[in-house]
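The numbers here are math on the coordinates, done by the rules we state, and not lab data. The structure presented is a predicted model; accordingly, all values stated were derived computationally and were not measured. Note that we place each Cβ from the backbone using ideal geometry, even for glycine, and neighbour counts take in every protein chain shown.
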């Protein structure tokens, strides 16, 4: 065996090749949807001046009722009650909420062509005496094969680079289209869901109304109690008795003239 010799080759290939690349972008849209049904009951003519004054004071001292710009609001299971002091109306509102979440995907096929000239170098060693089968011919074949593999790798790299560059340029537009599609679908499904919730809320309005009226009647009873007790004190009543039981409010007093 003698000192090895080396075959060195440089291979060149002209790349003129069309390519296509599928790009997919997904977008989500999530919305809180609410539906409601309401009914308003007028109290005009049912409450006198002293009772109305006592009612406002009773609302102010009822922790379950919150003051608003128009009056007072009470949250109940499935909805809430609103009492307008000026209009003397009790509004009962049944509410329902749900979440609409959608996902839309947009796909686009990008195309292009590469026109490049690529080169690759390769070496292989051999022996003059062909030791171990390493003849000059064998070395030439090995170098050619190595160079061919490197040219194939360069081809793949250039194709991938062209696709990545095109995807980066088109990504913003494709993402915007996906977001627009998700937004449109979410709006459509939210509108449909809102109508369903409105119908369901209407079906629950009677049940919610019972809870609202119970809360209102509790405050109204306190108002009547306070108004009657105030009247009794102004009239100089004696033996004033006030009992708030499960079956109602019992007030007794004696007025002598």
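A compact table of results
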read-out: Cα-based radius of gyration of the range 1-144 once divided by 2.2 N^0.38 Å, which approximates compact folds; value: 2.97
read-out: Average Cα contact separation per residue, the chain, under 8 Å, 6 or more apart, as relative contact order %; value: 31
read-out: Fluctuation leader among 55, 96, 22 - the chain, Gaussian network, Cα springs under 10 angstrom; value: 22
read-out: Rounded to 10°, Cα long-axis angle of helix 136-234 versus longest principal axis of the chain; value: 0
read-out: Label selected from (1) 28.8; (2) 13.7; (3) 16.4, the criterion being mean projected area of the Cα convex hull in nm² as computed here; value: (1)
read-out: Principal-axis tilt of helix 49-60 within the chain, Cα atoms, nearest 10 degrees; value: 40
read-out: Likely footprinting exposure, 65, 19, fewest C-beta neighbours within 10 Å first; value: 19, 65
read-out: Estimated 222 nm signal from helices in the chain, with DSSP H stretches of n ≥ 4 weighted -39500 (n - 2.57), rounded to 500; value: -16500 deg cm²/dmol
